[in-house]
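Remarks on the structure that follows.
The values are calculated or read from the model by the stated rules, or taken from the named source; none is laboratory data. What you are looking at is a predicted structure, and each value in this text was computed from that prediction instead of being measured. We place every Cβ from the backbone using ideal geometry, glycine too, and count neighbours over all the protein chains shown.
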Amino acid sequence: MRKLLPVLIVAAALIPMGVVTAGAAHRDGSVRRVNIPEEDRFAPFAVTIHVGGAVKWFNGDEDDHFVVSDDAFNTAGHKGTDHLLQPGATFALRFNHPGVFVYYCRLHAYLDSFNQPVAPGPDGGIQDQNGNYGTPMSGVITVLPES
Ligand SMILES: [Cu+2]
């Protein structure tokens, strides 16, 4: 038992080190999916990930759509993103900075003078029977610091 004790002490010291090492090395390699159903919207509208995580958009609609960064509000990187998603196409971004990535589709939304996405209106929108032009096609990714 005398000879076993030092071995146990070393083993006990290594266990928490292993846990700490695994925690420090952890990076969120997960991929969250945002679908465009057969409607002019991103589903889900809001997605929360951690730094190192990625978002993959999929256009399940029969029309073209865009993923465009709202640069006035974007604090999570990938400013200037302006990507066409044809029907059936995918597009992925990996986020390495905490913040928010506000985005919209420039065929089904546009930015007003305050950089807020608004519905396309008479020039591009489809008016329903109540006279509304619908919801601007937009979404937001929240990127939390590494856990
Ligand atoms: Cu669109």
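Contact map, segment 103-122: first residue over 19 Å from Q86 (Cβ atoms), second residue more than 9 Å from the ligand (Cβ to nearest atom) and outside any loop (DSSP other than H, G, I, E, B), Cβ cut-off under 6 Å, separation 6 or more or different chains; pairs are D112/V118; P117/S138. Taking segment 99-130 as the region of interest, how many residues are part of a loop (DSSP other than H, G, I, E, B) and either among the polar types (S, T, N, Q) or touching a Ser or Thr at 6+ places or on another chain (Cβ under 8 Å) (or both)? Count: 9.
Restricted to segment 22-71, the set of strands (runs of 3 or more DSSP E) holding at least 2 residues that are within 14 Å of the ligand (Cβ to nearest atom) and modelled with pLDDT of 95 or more comprises 31-36, 54-59, 65-69. Residues to consider are G77, G99; find the one that is in contact with a Phe, Trp or Tyr (Cβ under 7 Å, 6 or more places away or on another chain) and surrounded by 16 or more Cβ atoms within 10 Å (Cβ to Cβ). Just one listed residue meets the conditions, G77.
Scanning segment 72-102 for residues that are in contact (Cβ under 8 Å) with a residue 40 or more places away in the chain and within 14 Å of the ligand (Cβ to nearest atom) yields a single hit, L85.
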